[in-house]
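Notes follow the structure.
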Amino acid sequence: MNLHAIKAIYIFEMSRFFRTFLQSFISPVISTSLYFVVFGAAIGSRINEVDGVDYAAFIVPGLIMLSVMTQSTSNASFGIYFPKFIGTIYELLSAPISFLEIVIGYVGAAMTKGLFIGIVILATAYLFVDLDIKYPLAMLAFLVMTCLSFSLLGFIIGIWAKSFDQLQLVPLLVITPLVFLGGSFYSISMLPPVWQTITLFNPVVYLISGFRWSFFGDADVAIGVSLFAIGFFTAICLAVIWWIFKTGYRIKS
């Protein structure tokens, strides 16, 4: 394992993040505050509790998941797409490092950025509501696994994309709608039976449900199913990345 190569890629990617540190810090704080004003105050005044949890606290896991999924995907996709765009990826591919080390460097940096955003949003939430996280270690584990899986997805998107427009296509038109429709701001038990069944085909439901369980000890889906879903999604992403480097899909051409 070439640790020097991984460290070089990781530090290079993180340096971009620190150059825009204030933007990276302030943006999630403002957006989280606005969500609490709109959903916590406006809707929360009409919905006091969901499954015995204060509505303002209930939406916190969904808010964190919304930002973590989109940010991890966007950071990883841009990180690998930019070397493709300017042509420096060929220098990377010709260097004495394996595809695994390349993936660890880029995905590790995107994971770190996603974790930072998640922690910032959680800290901001404490300014608005009283939170008592029932399983803090499980919460952290779910957060790390989500950052990992969606950073891997972002890496795949960065390889697949041929333009900056395509780079934003999946996070904006696929991930964000799935999160909103995945029970981030409501319990799927509040839906009519037919829509509950349809919602279960949304893979994001299982991630949000498992993450919410770590906060409140209650979930729409069994915790074992949520763990299997995120593990299965991560395995698929790893398999796709292995295939990309094995075939050179949109890398060597």
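Since every read-out is calculated from the coordinates, none of them should be taken as a lab result. Only a predicted model underlies this, so the values are computations on that prediction, with no experimental measurement involved.
Can you work out D for segment 131-253 in µm² s⁻¹ from Stokes-Einstein, where Rh is the Kirkwood radius over C-alpha pairs, the temperature is 4 °C and the viscosity is 1.567 mPa s? List each step's numbers first, then the result.
Values: Rh = 15.8 Å.
Taking Rh from Cα pairs, D becomes 82 µm²/s.
Residue separation times 0.36 nm, minus the C-alpha to C-alpha distance between Ser27 and Leu172: what's the value? Present the calculation step by step, with values, prior to reporting the outcome.
Working: separation 145, 0.36 × 145 = 52.20 nm, distance 1.70 nm.
Full-extension gain reported as 50.5 nm.
Go from 0 up to the bin containing the longest alpha carbon distance in segment 3-247, width 5 Å each, and give me the % of pairs per bin.
P(r) over segment 3-247, rounded to whole percents: 1, 6, 13, 18, 19, 15, 12, 8, 5, 2, 1, 0, 0.
Mind checking the angle between helix 99-125 and the chain's longest principal axis? C-alpha axes, 0 to 90 degrees, to the nearest 10.
Compared with the principal axis, the helix lies near 30 degrees.
Two decimals is fine: what is log10 I(q)/I(0) at q = 0.10, 0.16, 0.24 Å⁻¹ for segment 26-118, from a Debye sum with one equal scatterer on every Cα and no solvent?
With no solvent term, the Cα-only Debye profile gives -0.43, -0.74, -1.15.
Using alpha carbons only, how many degrees (0 to 90, rounded to 10) separate the axis of helix 204-216 from the longest principal axis of the chain?
60 degrees
Defining a contact as two alpha carbons under 8 Å apart and six or more residues distant in sequence, what relative contact order in percent does segment 3-247 show?
On the way: 283 pairs, mean separation 65.6, N = 245.
Relative contact order for segment 3-247 comes out at 27 percent.
State, in angstrom, two size descriptors of segment 211-253 derived from its alpha carbons: Rg to one decimal place and Dmax to the nearest whole number.
Answer for segment 211-253, Rg first and Dmax second: 16.3, 49 Å.
So what's the back-of-envelope 222 nm ellipticity for the chain, counting only DSSP H runs of four-plus at -39500 (n - 2.57) apiece and dividing by all residues, rounded to 500?
On the way: 12 runs with 178 residues, N = 253.
My calculation for the chain gives -23000 deg cm²/dmol from helical runs alone.
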